[in-house]
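Here's the structure we're looking at; comments come further down.
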Amino acid sequence: MEKGASEPDPSRQRNGLVGALYGEFTDTLNDRLRYSVSLTESALTVQRISSSPGRTKVVFSLADCVGCRAYRGPDGADAGAYFTAYFYPFKRRWMSAGVARQRVEQCFRVALVQDPLANLREAERWARAIRDASALQAPRRDGATYTEVRRPCRVMILVNPHSGRGQALQLFSGHVQGMLTEAAVPYTLVITEHQNHAREVVKKADLSQWDALVIMSGDGLLFEVINGLMERDDWQEAIQTPLGILPGGSGNALAASIHHYSQSPPAWNEELLLSCGFMLCKGLVGSLDLVSIHLASRQRLFSFLSLAWGFVADVDIESEKYRHVGAIRFLMGTLVRLASLKIYQGRLAYLPVREPSRHPKGGGVKTANPPATPQRLSLCSSLPCRLVPNASPNLNSRHNRNSANSNRNAITNTSNNAFTAKKADPPGDAGKRRAPADSLLAGLDQPVPEDWTVVEEEDFVLVLAIYQSHLAEDLWTAPGAAADDGVIHLFYVTAGISRPALLRLFLAMEKGAHLACGCPHLVYEKVKALRLEPISPQGMITVDGEMVEYGPVEAQVHPGLARLICG
């Protein structure tokens, strides 16, 4: 709550606006209880009028307000009118430590005169003033640039009723529907019926009818929506439609990330849903990076979360059978996969972000590295995520490993090298869809550019490229990431790590502590583009938790290509 608000000035005109709005109203259930209410540009202050000393005062920050409405009472004989303001401040949890957003409703009865219409006009004046003031007090991160969703905001909400534990619709009706009503946000609910239904809907939709597209599901439905928008002829305008996410799945990585970006205390389950619903009602819009991914079959995808291969994919695929237990499925899948840990052979190259070298005292870790050799950091990580079953292998026989490791120039500059595949189409299709161009990528049939780093190791436990802070609600994978930092955060774990060490890293990731574990098998790089070529004949590659064809893949980040409702 905001502290130190000034006392209402008795010289001000009651129920009028002279520097601030001030009025005296009764309790909705007890006419004997009267309150003085004052509204400033940043707060609503409520104080009980009483002859007793030590009068209590409560100050509500308008940054926590989602809406206010005025209305007549149910009794036709009641000449009074009412206005109710809805707040979601951070309050201490009832059953555990910490704070979380909790709903608070403040309702007042206006009975200034015996004329019901005059009282209703006064209630509407207060409701309008509270709404207008709260719209200017949306929480904003320092240094972040926002626009706002147009008001009134017309929202299409796409719900996957089978996501997570199959409770998305119940969660929507139990938590989100009321918030949208309080915020006076009109919406149309679209319940998806099959895979790629959401993709088909947004490809054909008249987007001029919508101010935002909101997904109530896990991360897979947003993957469909983004790629549906990018497949439109008018993709440049379509991808500017603000996107919102409401967690209704098992992983909920993007929802956890935008909650983290809002600098709010950690939240899970219904608390996370309430936080994301609050951000949707406030309607602030920031930028979202997308990553363009090319597959060997010439297919091009757009990704908002991750590209994964190895242990991460194994965990998610094998944990599908535990989907009914919710997010804990990833822990169960991790334990199962650790029992039969696999090593994958492949080749990896990337274009590093060029950052100034820093030399911490005491010989600490450098944050930048020469282009020819990846910097091995004293970090550790496990990284389970949301992935799906595998396709058939399609690579040719393995190249000579020793020659690849001993001669970097042969890898990077020879046309007949490990990073070859069918020739991919130019970025995008014909006409308008040629953009955005992937200017950093050479094409899967060409050597990687000379300024790229080629990883010498060929035996991996996992490779994960992630562009958000979280890989699941309880997996804080890239602590330094932001939705619009223009960076792919590349992690890979090489062979030789023990099962207990990998488990420790996974558990440490719950608090983002894996980056200080001192694990010699994990490498972390900030990159702009990458290329991965599996050599092992069997395995999975996933994009945003969705299975794609197994084979060579390359990717490039496009900073701020999409727009995201965030806080």
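The values are calculated or read from the model by the stated rules, or taken from the named source; none is laboratory data. Given the structure is predicted, the values throughout are model-derived calculations rather than measurements. Note that we place each Cβ from the backbone using ideal geometry, even for glycine, and neighbour counts take in every protein chain shown. Each accessible area value is taken on the protein alone, full model and side chains, heavy atoms only, with ligands, DNA and RNA left out. Shrake-Rupley method; radii C 1.70, N 1.55, O 1.52, S 1.80 Å.
Ignoring ligands, DNA and RNA, what accessible area per residue does segment 66-120 give at 1.4 Å, in Å²?
Computed with neighbouring chains in place, this is 52 Å² per residue.
Quick one: 3J(HN,Hα) in Hz for segment 31-48, Karplus 6.51/-1.76/1.60 with θ = phi - 60°, rounded, Gly and Pro as x.
5, 6, 8, 10, 10, 8, 10, 10, 10, 10, 5, 10, 8, 10, 10, 10, 9, 6
From the phi of every residue in segment 58-73, what ³J(HN,Hα) in whole Hz does the Karplus formula 6.51 cos²θ - 1.76 cosθ + 1.60 yield, where θ is phi - 60° and glycine or proline is x?
Going residue by residue, I get 10, 10, 9, 6, 6, 5, 9, 8, 9, x, 7, 9, 10, 6, 7, x Hz, with x marking Gly and Pro.
Take the alpha-carbon centre of segment 105-135, take the same for segment 28-99, and report the distance between them in whole Å.
The two parts, judged by their Cα centres, are 12 Å apart.
On the protein heavy atoms, probe 1.4 angstrom, tell me the percent of accessible surface of segment 151-262 carried by carbon and sulfur.
Of the solvent-accessible surface of segment 151-262, carbon and sulfur hold 48 percent.
How much of the accessible area of segment 21-124, in percent, comes from carbon and sulfur atoms when a 1.4 Å probe is used?
That share works out to 50 percent.
Treat each spin label as a single point 7 Å out from the Cα along the C-beta direction, and report the ARG72 to ALA135 distance in nm.
For ARG72 paired with ALA135, the spin-label model returns 2.7 nm.
What does the accessible area of LEU441 come to, in Å² to the nearest 10, when a probe of 1.4 Å is used?
30
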